[in-house]
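> Questions regarding the structure given below will be posed in turn.
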Amino acid sequence: MASVGDARLADAPREAWWPQVLPVVLVLSAFGVYATFRAFEGAFYEWGPYLSPFYSPLIDAHHHYWPFSPALLILGGPLGFRVTCYYYRKAYYRAFFLDPPACSVAERPGRHYSGETKFPFILQNAHRYFLYLAVVFLAFLWHDAVRGFFFGDGMGVGVGSVVLLVNVILLTLYLFSCHSLRHLAGGKLDCFSCTTFGCPRHSTWRGLSVLNERHMLFAWLSLFSVGFADFYVRLVSSGAIRDPRLL
Amino acid sequence: MAEAVLKIFRGTSEGGATAEYRVPVAPGMVVLDALHHVQKHAAPDLAVRWNCKAGKCGSCSAEVNGRPRLTCKTRMDSLPQDQAITILPMKSFPVIKDLVTDVSWNYKVNKKIPPFTPRPGADWKFSQADIDRVQEFRKCIECFLCQNVCHVVRDHGKQEQFGGPRFFVRVAGLEMHPLDGLSRTKLLKDELGIGFCNITKCCTEVCPEGIHITDNAIIPLKERVVDDFYDPVLRLVRKIRGAGKAADH
């Protein structure tokens with residue numbers, strides 16, 4: 001389609017796109033580097049009742065069948081859930097692929113663009129399968145969070161117990177605000193009132209929609225919390241700090 | 001009275017350049033007021049499309065300081081006063097003259113969409129809960145700012161393969177209608193190219209009606225396309241159900 005072209009936009013003030021993109025690049029890169037290091041480290045993931053979320057569920061910790069870090073067996077699930085997440089897709093398409101860098105900032109000319117119609121990005125359509133996996137992981141993380149209150153000398157509350165609990169709450173909010181879950185719970189229906197269980201499905205869909213409006217917030221908060229929970233367990237497990245008992 | 005400098009595009013699809021005009025700024029003034037002032041006092045031949053001046057007709061879309069907006073909803077005091085205000089026609093559509101663009105591509109896309117088709121024997125009563133979602137989509141004023149800002153159209157020129165956010169909103173309104181009996185997922189996938197959308201939410205950011213285009217229309221439609229074309233388990237379930245129904249008959 002012919003238009004006057006970019007020449008007429010030469011006079012237009014350019015939207016500042018760096019301030020929008022840079023924090024995303026920095027945070028996601030930093031998290032990626034830290035998570036990769038921790039996944040391969042294969043140590044300092046457990047202390048007392050605490051288990052790092054990067055290693056949960058803990059499989060073959062004694063290397064009977066798997067000689068490498070146990071985190072490598074499981075991290076694909078949560079990673080896939082985040083990579084295919086509708087919010088993170090927006091974040092990294094803009095920040096890493098500059099596709100687009102900002103809404104009214106032109107992309108580099110001459111690039112072939114196929115969006116999510118071809119490999120590898122067509123695989124984003126598997127998000128719901130990662131959601132199913134994430135539900136299983138979340139169940140394990142809740143188990144770990146509850147276990148974090150049971151010390152060798154009985155029930156108690158350490159800083160780590162609170163860290164793991166806050167983390168699992170944020171992860172739950174992130175999962176329950178998922179677009180795919182909202183669709184599966186009721187969004188896929190055209191008529192709530194003419195379907196079996198339509199009324200509870202409408203209520204569920206409406207509740208999930210409220211959470212869904214804050215999906216971006218939960219995506220970031222849970223990313224920070226999961227990183228911090230692992231970091232805290234590592235500090236305690238390596239002896240760098242003592243876990244203060246609150247109760 | 002304070003004065004603003006406007007740099008307005010003057011020209012056609014053959015070419016053009018911005019011209020500067022000085023406009024007195026009154027309290028409550030919007031960019032469209034400033035354009036009318038220019039028309040009245042300095043350039044009577046300035047072409048501007050407008051109608052209601054109330055943010056409801058969707059006619060006065062333009063790019064103000066590089067951002068797609070309705071000029072009737074952009075207050076002058078919301079823009080930096082210490083520099084010229086640049087007003088350009090929408091980038092994604094061919095210019096007819098000055099700020100008026102040819103948006104006819106949108107009407108061609110619209111024709112591809114099968115209209116509301118009620119289910120046979122539909123009961124013409126439905127509850128409010130069933131129609132809440134669709135009512136949000138009915139707020140669209142067809143200003144085409146979302147079409148203009150979408151990078152699939154704006155930067156990649158996929159007009160032939162892509163429908164654009166406005167028409168995903170329209171399809172969502174039909175697909176989620178409790179009485180509609182037609183599936184448009186194949187149309188979404190093959191002709192409206194919903195897969196080209198990489199959900200970067202620019203359409204939502206510029207929508208003057210505040211429609212949650214990405215979260216409430218495009219992503220739910222993408223999920224419906226996944227249901228029908230990319231979910232092997234659902235495909236299997238449909239096959240088994242289909243075989244069951246065939247056996248019953």
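The numbers here are math on the coordinates, done by the rules we state, and not lab data. Given the structure is predicted, the values throughout are model-derived calculations rather than measurements. All Cβ positions, glycine included, derive from the backbone under ideal geometry; neighbour counts span all protein chains shown.
> Please work out the FRET efficiency for the pair residue A:37 and residue A:146, using the Cβ-Cβ distance as r and a Förster radius of 30 Å; give the result to the nearest 0.05. Write down the numbers at each step before the final one.
Details: r = 28 Å, r/R0 = 0.94.
For residue A:37 and residue A:146, the calculated efficiency is 0.60.
> According to the Kirkwood expression over distinct Cα-Cα pairs, how big is the hydrodynamic radius of segment A:178-226, in Å?
On the way: mean 1/r = 0.0866 Å⁻¹.
Evaluated on segment A:178-226, it is 11.6 Å.
> So how do B:175, B:205, A:41 line up by other beta-carbon neighbours within 10 Å, fewest first? Write out the running numbers ahead of the final one.
Values: B:175 21, B:205 17, A:41 14.
Sorted ascending by nearby Cβ count, the order is A:41, B:205, B:175.
> With θ set to phi - 60°, apply the Karplus curve 6.51 cos²θ - 1.76 cosθ + 1.60 along segment A:117-129 and write out the HN-Hα couplings as whole Hz, x wherever there is a Gly or Pro.
Each residue of segment A:117-129 in turn: 9, 10, 4, x, 6, 5, 5, 4, 5, 8, 3, 5, 5 Hz.
> Let me ask something additional. Within segment B:89-160, which chymotrypsin sites (Phe, Trp or Tyr not before Pro) sit in a loop by DSSP and count at most 12 neighbouring Cβ atoms inside 10 Å? Display every interim value, and only then the final one.
On the way: sites: B:105, B:107, B:116, B:124, B:126, B:137, B:144; in loops: B:116, B:124, B:126, B:144.
Loop-located and lightly packed - B:116, B:124.
> Each label point is 7 Å from the Cα along the Cα-to-Cβ direction; what then is the distance between the points at residue B:128 and residue A:162, in nm?
Computed distance between label sites residue B:128 and residue A:162 equals 4.3 nm.
> Checking the cross-link filter: which lysines have an alpha carbon closer than 28 Å to that of residue B:73, excluding same-chain neighbours under 8 positions apart?
Reachable lysines: A:90, B:7, B:40, B:53, B:56, B:91, B:97, B:108, B:139, B:201.
> I've got another one for you. Calculate one ³J(HN,Hα) per residue across segment B:188-196 by plugging θ = phi - 60° into the Karplus curve 6.51 cos²θ - 1.76 cosθ + 1.60, and present them in order as whole Hz with x for glycine and proline.
4, 6, 8, 9, 8, x, 4, x, 6
> Pop the C-beta distance of residue A:61 and residue B:138 into the FRET formula with R0 = 56 Å and round what comes out to the nearest 0.05. If you can, show how the numbers build up before the last one.
Values: r = 57 Å, r/R0 = 1.01.
Efficiency, from the Cβ-Cβ distance: 0.50.
> Taking R0 as 30 Å, what's the FRET efficiency between residue B:229 and residue B:78 from their Cβ-Cβ distance, rounded to 0.05? Write out the running numbers ahead of the final one.
On the way: r = 44 Å, r/R0 = 1.46.
Efficiency for this residue pair is about 0.10.
> Using Cα atoms only, what is the angle between the long axis of helix A:198-212 and the major principal axis of chain A, expressed in degrees (0 to 90) to the nearest 10?
Compared with the principal axis, the helix lies near 90 degrees.
> Which order do A:15, B:160, B:63, B:136 fall in if you start with the one that has the fewest other Cβ atoms within 10 Å? Present the calculation step by step, with values, prior to reporting the outcome.
On the way: A:15 14, B:160 11, B:63 25, B:136 19.
Ordered from fewest to most neighbouring Cβ atoms within 10 Å, A:15, B:160, B:63, B:136 come out as B:160, A:15, B:136, B:63.
> Strictly under 4.7 angstrom between C-beta atoms: which cysteines of chain A have no such partner?
A:85, A:178, A:199
> Below 18 Å, Cα to Cα, which aspartates and glutamates can residue B:125 reach? Residues fewer than 8 away in the same chain don't count.
A:190, B:175, B:180
> Right, next: Using the Cα gyration tensor of segment B:31-104, with a ≥ b ≥ c the square roots of its eigenvalues, what is the shape: rounded (a/c below 1.5), prolate (a/b larger than b/c) or oblate (neither)?
Because its axes are fairly even, with a/c under 1.5, segment B:31-104 counts as rounded.
> Enumerate the amide H contacts of residue B:30 below 5 Å, restricted to partners 5 or more residues apart or on another chain; note that Pro and chain-start residues carry no placed amide H.
Those lying under 5 Å, H to H, from residue B:30 are B:76.
> Which cysteines in chain B lack any other cysteine whose Cβ sits under 4.7 Å from their own Cβ?
That list is B:60, B:72, B:140, B:143, B:150, B:197, B:207.
> Shifting gears a bit: Counting only chymotrypsin sites (Phe, Trp or Tyr not before Pro) that sit in a DSSP loop (anything but H, G, I, E, B) with at most 12 other Cβ atoms within 10 Å, what is the longest stretch of chain A containing none of them?
Working: sites that count: A:65, A:68, A:197.
It runs A:69-196.
> Using Cβ contacts closer than 10 Å as the measure, can you line up A:60, B:82 from fewest to most?
Details: A:60 12, B:82 5.
Ranked by crowding around the Cβ, least crowded first: B:82, A:60.
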